[in-house]
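**Student:** I have a structure here, written as structure tokens, and I will follow up with some questions on it.
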Amino acid sequence: MEENIFPQPAVAEFMEGLIEARLHNDGEAKEAVKSLQDKMTGSFATPIYLLLDPQSGQQLDRRDGALLDEQAFAEWLKLGLSKSAN
């Protein structure tokens, strides 16, 4: 996703306004990261994409699993980000 979908024009347009944070649950802080992932998502599956409101921290939308279609992922971002205006 990071190499093939995020840089695509339709997706990059939305990614420019976002702060991207990644949890890698296979490093030294494995248990702490897994605990945070469980708290945020209720799951240990990967990948999981969350859109969070920067002010409230409220989850706007969630995507479980990769979405390897540029237009579909861009549409998911657009729909999820529109929820922050409501």
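**Student:** What's the number of the only condition in (1) assigned to a helix (DSSP H, G or I); (2) farther than 15 Å from residue 17 by Cβ; (3) touching a Leu at 6+ places or on another chain (Cβ under 9 Å) that residue 77 fails to meet?
**Tutor:** Exception for residue 77: condition (2).
**Student:** Can you name every residue in the range 37-48 that is touching a residue at least 40 places away in the same chain (Cβ under 8 Å) and surrounded by 15 or more Cβ atoms within 10 Å (Cβ to Cβ)?
**Tutor:** Those that are touching a residue at least 40 places away in the same chain (Cβ under 8 Å) and surrounded by 15 or more Cβ atoms within 10 Å (Cβ to Cβ): none in the range 37-48.
**Student:** Let me ask another. Among the residues of the range 3-23, count how many are in a loop (DSSP other than H, G, I, E, B) and surrounded by fewer than 10 Cβ atoms within 10 Å (Cβ to Cβ).
**Tutor:** 7
**Student:** For the range 48-63, enumerate the residues that are in a loop (DSSP other than H, G, I, E, B) and either farther than 13 Å from residue 21 by Cβ or of a type in the set (Ser, Thr, Tyr) (or both).
**Tutor:** 53, 55, 56, 58
**Student:** Could you check how many residues of the range 49-72 are under 20 Å from residue 36 (Cβ atoms) and either surrounded by 14 or more Cβ atoms within 10 Å (Cβ to Cβ) or touching a helix residue (DSSP H, G or I) at 6+ places or on another chain (Cβ under 7 Å) (or both)?
**Tutor:** Qualifying residue count, the range 49-72: 10.
This table checks each residue for (1) farther than 20 Å from residue 3 by Cβ; (2) of a type outside the set (A, V, I, L, M); (3) touching a Pro at 6+ places or on another chain (Cβ under 7 Å).
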| site | (1), (2), (3) |
| --- | --- |
| 30 | yes, yes, no |
| 37 | yes, yes, no |
| 44 | yes, yes, no |
| 49 | no, yes, no |
| 63 | no, yes, no |
| 68 | no, no, no |
| 78 | yes, yes, no |
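**Student:** Might you let me know whether the range 64-71 holds any residue that is assigned to a strand (DSSP E or B), under 14 Å from the mean Cα position of the chain (by Cα) and modelled with pLDDT of 95 or more?
**Tutor:** yes
The values are calculated or read from the model by the stated rules, or taken from the named source; none is laboratory data. None of these values were measured; they are calculated from a predicted model. When we count neighbours, we look across all protein chains shown, and the Cβ atoms used for this are built from the backbone with ideal geometry, even at glycine.
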